[in-house]
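Everything below concerns the one structure shown next.
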Amino acid sequence: MNTNKKIQRSPLAIAILALLAEEPMHPYRMQQLLKERGKDEVINVRQRTNIYQTIERLLRDELIAVRETLREAGRPDRTVYEATEEGQTVLRKWLRDILSELSQEFPEFPVAISFLGMLKFEDVQQQLEKRTVALEEELGRLDSALQTYKDTIPRLFMLETEYKRTVIRAELNWVRSVVDDMRSGRLAWDDEWLRNIAQQFGSHE
């Protein structure tokens, strides 16, 4: 492996390495397993193209290797991959780092929140009310999934769903509180107020 090159970490790279640490497999089987195990709740595996691109990168970094090529009459050749010893070492390091350290992530929702003044007050309230409904529906879906599988799947394999539910619940509570404040008038703005605020901040330059 090129030790001078920084290896790029990603959720999909972690997932592929973890699967190949279990056993060698081909990309279609990887995608199947990730969906069957519910990992698509936290990892985007909808496009197999992304899986192939990640595999190519892991191959270049020598974290995985080609085990064999399966050839069957009437079917395309399927390449089976396996995790290298270096790949398994890197995987464990990635997991330890993620579990123990805070990382600076940049999701889109906080970005939109930071520029609310670009929209009219009534428009923002309407959009947040829509988001509340969407969050409630997602929370219901996750509650149903946890209830359905709690007696059949060990909790260890449902922790990511638990975590996602906790995050969704926290966001729902926060969005509801913002909407409540907007409805009551505790949080409000209009064009004139925004102009005055802009002048106040501009006066300090």
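The values are calculated or read from the model by the stated rules, or taken from the named source; none is laboratory data. Computed from a prediction, not measured in an experiment: that's the story for all the values here. With ideal geometry, Cβ positions are generated from the backbone for all residues, glycine too; neighbour counts draw on all protein chains shown. Side chains are part of the model used for accessible areas, which takes the heavy atoms of the whole protein and leaves out ligands, DNA and RNA. Shrake-Rupley method; radii C 1.70, N 1.55, O 1.52, S 1.80 Å.
Taking the listed residues R57, R131, the one that is basic (K, R), within 20 Å of I168 (Cα to Cα), surrounded by 14 or more Cβ atoms within 10 Å (Cβ to Cβ) and modelled with pLDDT of 95 or more is R131, with no other qualifying.
Would you check if F106 is of a type in the set (F, W, Y) and open to solvent by less than 50 Å² (accessible area, probe 1.4 Å)?
Taking the combined requirement at face value, the residue does not satisfy it.
Listed here are the residues, each with its yes/no results for (1) of a type in the set (S, T, N, Q); (2) in contact with a helix residue (DSSP H, G or I) (Cβ under 9 Å, 6 or more places away or on another chain); (3) under 27 Å from M158 (Cβ atoms).
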residue	(1), (2), (3)
A18	no, yes, yes
E23	no, no, yes
M30	no, yes, yes
L33	no, yes, yes
E36	no, no, yes
R46	no, yes, yes
L59	no, no, no
L63	no, yes, no
A73	no, no, no
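If a residue must be of a type outside the set (S, T, Y) and open to solvent by 20 Å² or more (accessible area, probe 1.4 Å), how many such residues does segment 13-37 contain? Matching residues across segment 13-37 total 12.
Here E129, E85, E122 are screened, and the one residue that is under 29 Å from L63 (Cβ atoms) and more than 22 Å from the chain's Cα centre (by Cα) is E85.
Checked against the criterion of being at pLDDT below 95 and either under 30 Å from E171 (Cα atoms) or among the hydroxyl-bearing types (S, T, Y) (or both), the candidates F106, F115 yield just one match: F106.
I'm trying to understand the selection: among the residues of segment 40-52, which are within 16 Å of the chain's Cα centre (by Cα) and open to solvent by 50 Å² or more (accessible area, probe 1.4 Å)? If you could, list the steps in order and put the result at the bottom.
Initial filter on segment 40-52 (within 16 Å of the chain's Cα centre (by Cα)): 40-47, 50-51.
Of everything in segment 40-52, those that are within 16 Å of the chain's Cα centre (by Cα) and open to solvent by 50 Å² or more (accessible area, probe 1.4 Å) turn out to be D40, V42, N44, R46, Q47, N50.
Could you tell me how many of the residues in segment 171-183 are open to solvent by 60 Å² or more (accessible area, probe 1.4 Å) and without any contact (Cβ under 8 Å) to a residue 40 or more places away in the chain?
Looking only at that region, the number is 3.
Name the residue that is surrounded by the fewest Cβ atoms within 10 Å (Cβ to Cβ), counting only residues in segment 134-153 that are under 15 Å from W174 (Cβ atoms) and among the charged types (D, E, K, R). This residue is E136.
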